[in-house]
Structures are given as C-alpha cells and as structure tokens.
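Peer 1: Here you go, one structure.
No value in this document is a laboratory result; all are computed from the given coordinates. Keep in mind the model is a prediction, meaning the values are calculated, not measured. Using ideal geometry, Cβ is built from the backbone for each residue, glycine included, and neighbour counts are taken over all protein chains shown.
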Amino acid sequence: MNYKTPGVFIEEISTLPASVAGVETAVPAFIGYTEKAEEDGDPDALHFVPTRITSLLDYREKFGGPVPETFDLTIEDEYNSDAELVSRAFSASPASPSDFILYYSLQFYFNNGGGPCYIVSVGDATSGGSVGKGSADPMDGLLGGIKALERMDEPTLIVFPDAVNLGSTTDYGEVVRAALGQCNNLQDRFTISDMYDNGTSSAVEDFRDAVGMSFLKYGAAYHPYLETSLNYAFDASNSTITHNIDLPGSVSLPGDALDLTSGPSLASIESSNPNIYRSLEAEIKKSYVTLPPSGAVAGIYARVDRNRGVWKAPANVSVNSVIQPTVKITNERQNSLNVDATSGKSINAIRSFTGKGTLVWGARTLAGNDNEWRYVPVRRLFIYVEESVKKATEFVVFEPNDANTWVRVRAMIENFLTDLWRDGALAGATAEQAFYVKVGLGETMTSQDILEGRMIVEIGMAAVRPAEFIIIRFMHKLQES
C-alpha cells in the first residue's frame with residue numbers, strides 16, 4: 001500500500017497456510033430403470049438427469065416404487081367323509097419376477113449404512129419391459145446413464161444393479177467397461193460391479209473375458225447373489241387365487257364352506273374374506289427378493305468410510321438384510337476367485353460363516369494381481385487424496401510461480417497428509433517415512449516448466465494395505481531343563 005496521509009494504518013498479514021478439505025468418498029450413483037422420473041409435475045423430467053437423494057422416501061417421491069409383482073396364490077382344502085375341514089394350506093410364489101431391481105437395491109443400500117446418493121433414471125420400469133444397455137443411442141439405456149453421469153462431480157462410486165438382467169455376459173461387460181473408462185478419465189470415482197451369472201459352469205471365466213483388460217484398477221466385482229430379507233411389492237388386483245378342494249367322492253361341500261374355485265383376484269376378497277386375505281398376504285411376505293450384492297456393498301463402503309476411513313478395507317464386515325448367499329463358497333472355490341494366474345482379475349466373495357453371519361470376504365480390485373493397485377482401499381485412498389488436493393490447490397492457478405507459492409502449497413499438502421498419517425491411513429513410524437511432498441525449481445520443475453506456466457508437485461504416500469493373509473507359525477520348542 002502506498003501511504004500518503006499521516007496516521008496509523010493496520011495491515012492484516014495471513015501467516016497460516018490454506019487447508020485441504022477432504023472430499024466425500026462414498027457417494028454412489030445408481031443407474032437403472034424407475035417407475036417415474038418426476039419433478040414439478042412432469043413425470044419424465046428427471047430421465048438421464050443425475051439427481052441427489054438422501055433417503056428412500058426421497059427416492060419414492062421422485063422416482064416411484066418397485067414394480068408390483070403378480071403372485072400365484074393357492075389354497076389347498078382337505079375334507080373328511082363327514083364334510084369337515086381337516087386341513088387348509090396356503091402358498092404363494094411370484095409368477096414372473098421383474099427384471100427391474102433398482103428400488104430393492106436402494107433398500108439394500110440404505111439398510112447397510114448408505115447415505116446420500118445419486119439416481120440416474122434411464123427408462124421406465126414396467127412389468128412387461130426388459131433391461132437394455134442402449135448401445136445404439138448414447139442417451140438410451142444403461143450406457144446413456146453412465147454417459148450422463150460424466151458431468152456430475154460429487155459421485156464417487158458407480159453402481160448399476162439392473163444390468164445383471166441384460167441378455168448376455170457380453171452386454172454386461174460392455175456396461176462395466178464403460179464405467180471403468182469413465183473412472184479412468186475422471187480419476188475421481190470407482191466402479192462396484194456384480195459378477196454376471198449366466199447360469200453356466202463357465203460364468204466366472206465368461207465374466208472375466210467380457211470386462212476386458214483396461215482400467216481394471218478402478219473397479220471391483222462381487223459374487224454371489226444374495227437371498228435378502230426384503231419383501232416383494234405385490235399387485236393384489238392381478239394375483240389370482242387357485243382353490244383346490246379335496247372331497248371324498250360321495251361327500252358334498254357344506255353350504256357355508258369357503259369356495260373360491262372361480263379364481264378371484266386377491267384384491268376382490270379383501271372385504272368379503274378378510275381372514276383369507278390376511279393369510280395369503282402373510283404367505284406373500286414369506287417370498288424374499290434375491291439381489292446382486294452391489295447395492296449392499298455400496299452401503300458397506302459408506303459405512304466403513306464413515307466409521308473407520310476410506311483406507312480401511314470394506315471387508316470382514318457383516319451384510320445386513322441377508323438370509324444367505326445363493327451359493328456357498330468354500331475356501332477351495334475362493335482360491336480361483338481371489339487369485340487368478342491366467343487373467344489376473346480378482347472377484348471378491350461374499351460368504352456365510354457359522355456364528356458370524358454373512359460377510360464380505362474380499363477386498364481386491366479387478367486388477368487383483370497388480371502390486372500397486374491390488375486392493376480396494378489403496379485405490380480409493382489415492383482417489384480421495386488426489387481429488388482433495390486437486391480442489392484445494394485451485395486457488396494457486398494464476399498465482400506467481402515462485403518460491404512463496406511453492407512453500408504455501410507444500411505446507412498445505414503436508415498438513416493434510418500428516419493428519420491422514422495420524423489417523424492411520426499411511427504407514428511409517430514418522431511422517432517422513434509415511435509421505436513426501438516435493439515442489440520447486442531443480443526438484444520437480446525446470447526453467448522451461450516455469451516459462452510454460454507449469455507448477456509441478458510430486459507427492460509420494462506409503463498407503464497401509466490390508467492384512468489379507470494372517471500367517472501364524474507354530475513349531476516345537478526344545479526342552480531346556
């Protein structure tokens with residue numbers, strides 16, 4: 001300041017470095033088909049518009065509910081020779097479960113600790129429709145939903161549970177590759193995929209072939225599907241009743257006996273036969289939804305990040321709202337899933353253990369044989385640090401590229417990494433062993449770099465890695481006395 005008038009002048013001098021604020025690490029974007037995509041009265045306003053929600057109620061207001069299932073309902077009555085009812089049995093089973101499972105996956109996500117997330121509606125979920133990847137039109141189907149997500153900065157996870165009902169492993173692999181490609185381009189997000197199960201003995205190998213070999217460090221796959229404790233939504237109007245009556249040949253049905261042999265719908269007997277209605281409804285609630293694990297895994301990522309940190313592996317953690325996995329995976333079976341010498345692609349198992357329940361029992365990326373990016377927490381920790389530092393250093397753009405700026409940037413990043421080291425995210429007895437930050441002429445930049453306006457900062461981190469194999473060695477100790 002150029003002082004000209006006599007007097008006292010106050011100057012405030014900033015001595016503290018700027019700080020790095022950590023970005024959110026577990027904000028998934030769910031891509032799939034919804035009942036509606038409504039905003040301001042327009043039922044299609046939110047199609048291909050990534051929309052932030054904070055609860056299942058928020059989802060229902062904007063995107064509707066699940067596709068109501070039609071159930072086959074049966075009543076079996078047995079009479080004796082005295083025309084007395086001996087037994088009555090009820091049964092119910094979904095006639096043809098819908099391919100659209102986004103709503104149930106959202107339930108799964110929130111039940112496992114999920115928080116705010118994004119929804120990308122890519123089409124109408126109707127009972128007669130089918131899931132399509134939309135390869136012909138870039139703004140149609142699941143590929144279009146992934147493309148629409150590019151312009152959103154906040155999402156850090158990509159999830160597409162509806163894709164498991166695509167027609168083939170090849171189609172599913174195309175969706176996974178599109179998601180991995182976006183993660184690589186933006187470098188601020190991670191893909192959670194399900195292992196596509198085509199019902200054949202070669203399902204694992206087919207899936208590995210379909211996802212290709214590019215950008216595998218930005219995604220992880222989970223297997224098998226899970227039998228959940230979530231109930232189907234049902235359509236009482238279209239669920240018809242089959243009433244079978246077992247009467248001895250010479251016996252007539254009593255006049256006051258239940259007779260629904262005309263095949264009425266469940267809705268039509270709600271007022272006339274409320275007890276029968278409630279009994280059939282109770283049978284319907286015994287049918288549980290089987291889901292791919294990605295929704296629950298996304299919730300577990302959010303739960304672990306919140307309780308421990310992004311550097312803690314989202315594994316050895318119980319899965320909520322689960323009865324059991326659809327496939328019982330043994331140690332021998334997991335050997336080839338976890339470590340594959342041919343393709344190098346790992347698939348994380350979800351297993352049931354006696355006395356422990358159902359646990360996520362793997363923490364590898366698809367690049368499971370890569371020493372640098374083998375583990376999910378290592379990849380996600382680097383994404384977290386990279387994105388946090390990137391956003392925090394934007395103020396430096398167009399600042400003088402001199403030693404004063406370099407000192408400020410180094411101090412800011414070192415303070416951030418020191419806090420991470422103290423929290424247990426970085427390995428090392430001292431901060432110097434845990435990380436380094438380099439910036440300066442002759443260190444990371446040449447004179448030509450400065451002339452061309454480049455300020456180069458080099459950061460090295462010793463990320464902690466999960467103890468995947470606990471080896472305890474026993475041996476005989478010789479007698480000493």
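Peer 1: Measure off 7 Å from each Cα along the Cα-to-Cβ vector at V397 and S271, then give the distance between these two points in nanometres to one decimal.
Peer 2: Going from the V397 label point to the S271 one covers 6.6 nm.
Peer 1: Test of understanding: what is the full-extension gain from K285 to S336, defined as 0.36 nm times their sequence separation minus their Cα-Cα distance?
Peer 2: 14.6 nm
Peer 1: Can you compute 3J(HN,Hα) from phi for each residue in segment 402-408, using the Karplus curve 6.51 cos²θ - 1.76 cosθ + 1.60 with θ = phi - 60°, rounded to whole Hz and x for Gly and Pro?
Peer 2: Along segment 402-408, the couplings run 10, 4, 4, 5, 4, 5, 4 Hz.
Peer 1: How about segment 356-419: which chymotrypsin sites (Phe, Trp or Tyr not before Pro) there lie in a loop by DSSP and see at most 11 other Cβ atoms within 10 Å?
Peer 2: Those that pass, being in a loop and sparsely packed, are F398.
Peer 1: Suppose R0 equals 45 Å; then what is the FRET efficiency for D44 and R278 from their Cβ-Cβ distance, rounded to the nearest 0.05? Present the calculation step by step, with values, prior to reporting the outcome.
Peer 2: On the way: r = 38 Å, r/R0 = 0.84.
Between D44 and R278 the formula returns 0.75.
Peer 1: Considering the alpha-carbon set of the chain alone, what are its Rg and its Dmax in angstrom?
Peer 2: 29.2, 122
Peer 1: Moving on. Add -39500 (n - 2.57) for each DSSP H run of 4 or more in the chain, then divide by its residues: what number comes out at 222 nm, to the nearest 500 deg cm²/dmol? Each step should come with its number before you reach the end.
Peer 2: On the way: 12 runs with 133 residues, N = 481.
Value at 222 nm, helices only, nearest 500: -8500 deg cm²/dmol.
Peer 1: In addition: Run the numbers for K477 and E154: contour at 0.36 nm per residue of separation, minus the present Cα-Cα distance, in nm. Provide the component values of the computation, followed by the final result.
Peer 2: On the way: separation 323, 0.36 × 323 = 116.28 nm, distance 5.75 nm.
Contour length minus Cα-Cα distance gives 110.5 nm.
Peer 1: Using the per-residue mean of other Cβ atoms lying within 10 Å as a proxy for protection, in what order, highest first, do the peptides 459-465, 40-46, 110-116, 346-352 fall?
Peer 2: Top to bottom by mean Cβ count within 10 Å: 346-352, 110-116, 459-465, 40-46.
Peer 1: I've got another one for you. How are the alpha carbon pair distances in segment 191-289 distributed across 5 Å bins from zero to the largest one, expressed in percent?
Peer 2: In order of increasing distance, the bins hold 2, 9, 13, 13, 9, 9, 8, 8, 8, 7, 6, 4, 2, 1, 1 percent.
Peer 1: In what sequence do H476, H47, H223, H243 fall when counting other Cβ within 10 Å, fewest first?
Peer 2: Sorted ascending by nearby Cβ count, the order is H476, H243, H47, H223.
Peer 1: Just grab the label-to-label distance for I13 and D370, each label 7 Å out from Cα along the Cβ direction, in nm (one decimal).
Peer 2: About 4.8 nm separates the two model spin labels.
Peer 1: Another question, then. Run the numbers for S252 and Q433: contour at 0.36 nm per residue of separation, minus the present Cα-Cα distance, in nm.
Peer 2: Using 0.36 nm per residue and subtracting the Cα-Cα distance, I get 56.2 nm.
Peer 1: Now for a different question. For a Förster distance of 25 Å, can you work out the FRET efficiency between the beta-carbons of T54 and A233, rounded to the nearest 0.05? Walk me through the intermediate numbers first.
Peer 2: Values: r = 22 Å, r/R0 = 0.88.
According to the calculation, E is roughly 0.70.
Peer 1: Hey, could you grab the Kirkwood Rh for segment 1-148? Inverse mean 1/r over distinct alpha carbon pairs, Å, one decimal.
Peer 2: 20.1 Å
Peer 1: Would you please give the residues with an amide H less than 5 Å from that of V322, counting only those at least 5 places away or on a separate chain, with H modeled from the backbone geometry?
Peer 2: S229
Peer 1: Which far-off residues, 5 or more places away or on another chain, put their amide H under 5 Å from the one on A29, with H placed in the peptide plane?
Peer 2: Hits under the 5 Å cutoff: Y118, T156, L157, I158, V159.
Peer 1: Another question, then. Beyond 30 Å between alpha-carbons counts as too far, so tell me which of K62/K285; K286/K345; K312/K438 fall in that bin.
Peer 2: Pairs exceeding the cut-off: K286/K345.
Peer 1: Report the antiparallel proportion of the DSSP beta bridges in the chain as a percent, rounded to a multiple of 5.
Peer 2: Details: 34 of 60 bridges.
Bridges in the chain that DSSP calls antiparallel: roughly 55 percent.
Peer 1: Quick check on segment 399-481: what does the Kirkwood estimate of hydrodynamic radius come out to from the alpha carbon pairs, in Å?
Peer 2: About 15.9 Å, per the Kirkwood formula over Cα pairs.
Peer 1: Give me the angle, in degrees from 0 to 90, between the Cα long axis of helix 274-284 and the longest principal axis of the Cα atoms of the chain, rounded to the nearest 10.
Peer 2: Rounded to the nearest ten degrees, it is 50.
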